[in-house]
Amino acid sequence: MERQIVVITGGAGFLGSHLCDFLLEHSYRVVCVDNLITGRLANIEHLSNNKLFKFIQTDVSENLKIRGKVDFVLHFASLASPVDYARLPIETLKVGSLGTLNALELAHRKRAKFMMASTSEVYGDPLQNPQKEEYWGNVNPVGPRSMYDESKRFAEALTMAFHRKLGVDTCIVRIFNTYGPRMKNEDGRVVPNLITQALTGQPMTIFGDGKQTRSFCYVSDLIDGIYRLMNANYSDPINLGNPNEKNMLELGQVIKDITGTSNKIIFQPLPGDDPKRRRPDIGRAQTILGWVPKVDLKEGLTKTVNWFKSTLNNR
């Protein structure tokens, strides 16, 4: 049987590179597209001799042209960390708008299925907990996080427009906080921040009073859910995340226990518009995809800490 061909934008990033690995292991051909603005060749260099893998360095906000047959277009190109999108706000908005448009047009031309990698940030600082897909969110459209939040909200709207108007087969995954190997230690997100600080003898930084919550999903669980959604017949958004809600102080303590550090915890002011709570309602994913996360926080963080140890030692 002829192998199906998957185009992954942002394929050299944290999630994109894990997706490349998974799909290659499941006998797909993979075309990885990335401009390396935040993605890293180190994430995909182990695939360079794989005949089923192809890397194209290009900016999907400028163009996205792929020769030959394409079966799936998975649009994962985005600047996903607060440090990156604060530094590159216009690029963030462009990849969410023009990049999504180019990826959707490719899917339309090739009659391919399209997946939009959205985010729990479309819910903003939520007024309901947990967050269901039907919740429209509480987002500041001109705030310090708006370049990310609104680019993803626009991308979802554009995806649904192509689906309804042009009949493109689309799906939308709303990704909640995901962690694991290949995150950048200078990422700005809480898990790599605290792990790096714990392993390098720095004070561990908690923002606000540490009572704000997140729900952390290990990367292998997320990739499994994405694969199930790829092959499902469902076009409305689906939350993928681990509903085990933890506050930042609890997370910091788990990381201290795993690393064995005695580093003290220090507190910094909470960044503007930082959500106070985050927890997915995954009822839709359970019903439609048969998906539930399997890796608990301690197991996933232990794997992640071990990976960070190896990368810090190789510097």
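Which order do the peptides 198-206, 93-101 take when ranked by the mean count of other beta-carbon atoms within 10 Å per residue, highest first?
Working: 198-206: 16.3, 93-101: 22.1.
Descending mean neighbour count gives 93-101, 198-206.
The three principal axes of the C-alpha atoms in region 51-96 carry coordinate ranges of 36, 20, 17 Å, sorted with the longest axis first.
Checking the table K54/K303; K264/K303; K256/K303; K184/K309; K152/K211; K94/K132 against a 18 Å threshold on Cα-Cα, which pairs fail? Could the numbers behind the result be given before it?
On the way: K54/K303 28 Å; K264/K303 23 Å; K256/K303 14 Å; K184/K309 13 Å; K152/K211 26 Å; K94/K132 27 Å.
Violating the 18 Å Cα-Cα cut-off are K54/K303; K264/K303; K152/K211; K94/K132.
Shape call for region 218-281 from the C-alpha gyration tensor, a ≥ b ≥ c root eigenvalues: rounded (a/c under 1.5), prolate (a/b greater than b/c) or oblate? Oblate, because a/c is 1.5 or more while a/b does not exceed b/c.
Would you mind computing the Rg to Rh ratio of region 52-137 from its alpha-carbon coordinates, Kirkwood style for Rh? Before the final figure, lay out the partial values.
On the way: Rg = 15.3 Å, Rh = 14.7 Å.
Dividing the radius of gyration by the Kirkwood radius yields 1.04.
Axis of helix 146-166 versus longest Cα principal axis of the chain: the two differ by about 30°, to the nearest ten degrees.
For region 97-215, the calculated P(r), taken from all Cα-Cα distances in 5 Å bins from zero up to the bin holding the longest distance, is 2, 9, 16, 17, 17, 15, 11, 7, 4, 2, 1, 0 percent. Under the convention that each Lys and Arg Cβ holds +1 and each Asp and Glu Cβ holds -1, the size of the dipole of region 1-92 around its Cα centre is about 300 debye.
Return one quarter of the surface area of the convex hull spanned by the alpha-carbon atoms of region 165-263, equal to its mean projected area, in nm².
Numbers: hull surface 32.5 nm².
Approximately 8.1 nm², given one-decimal rounding.
Region 195-315: D in µm²/s via Stokes-Einstein (Kirkwood Rh, Cα pairs, 10 °C, 1.306 mPa s)?
99
State the percent of C-alpha pairs, over all pairs in the chain, separated by a distance greater than 36 angstrom. Mind showing how you got there, number by number?
Numbers: 6533 of 49455 pairs.
Of all Cα-Cα pairs in the chain, 13 percent lie more than 36 Å apart.
In plain terms, the chain from A157 to I288 could stretch by 45.0 nm, reckoned as 0.36 nm per residue minus the Cα-Cα distance.
Taken over the C-alpha atoms, region 1-144 has Rg and Dmax values of 16.1, 50 angstrom. Against the chain, whose longest principal axis is taken from its Cα atoms, helix 190-199 shows a tilt of about 50°. How many angstrom lie between the C-alpha centres of region 1-49 and region 244-275? Answer, in whole Å: 32. Peptides 122-128, 83-89, 189-195 ranked from most to least packed give 189-195, 122-128, 83-89, packing being the mean of other C-beta atoms within 10 angstrom over each peptide's residues.
Under the criterion of Cα pairs below 8 Å and six or more residues apart, the relative contact order for the chain equals 17 percent. Annotation for region 125-161 versus region 63-91: alpha-carbon center distance of 18 Å. Shape of region 1-73 from the C-alpha gyration tensor: oblate (a/c of 1.5 or more and a/b not above b/c, with a ≥ b ≥ c the square roots of its eigenvalues).
Using Cα atoms only, what is the angle between the long axis of helix 248-259 and the major principal axis of the chain, expressed in degrees (0 to 90) to the nearest 10? Value to nearest ten degrees: 80.
Residues whose amide H falls under 5 Å from that of S61, counting only those 5 or more places apart or on a different chain, are absent, with hydrogens built in the peptide plane.
Read the figures in this text as sums done on the coordinates, not as results from a lab. What you see is a predicted model; the values in this text were computed from it and never measured. A quick note on method: Cβ atoms are made from the backbone with ideal geometry, for glycine too, and the neighbour counts reach across all protein chains shown.
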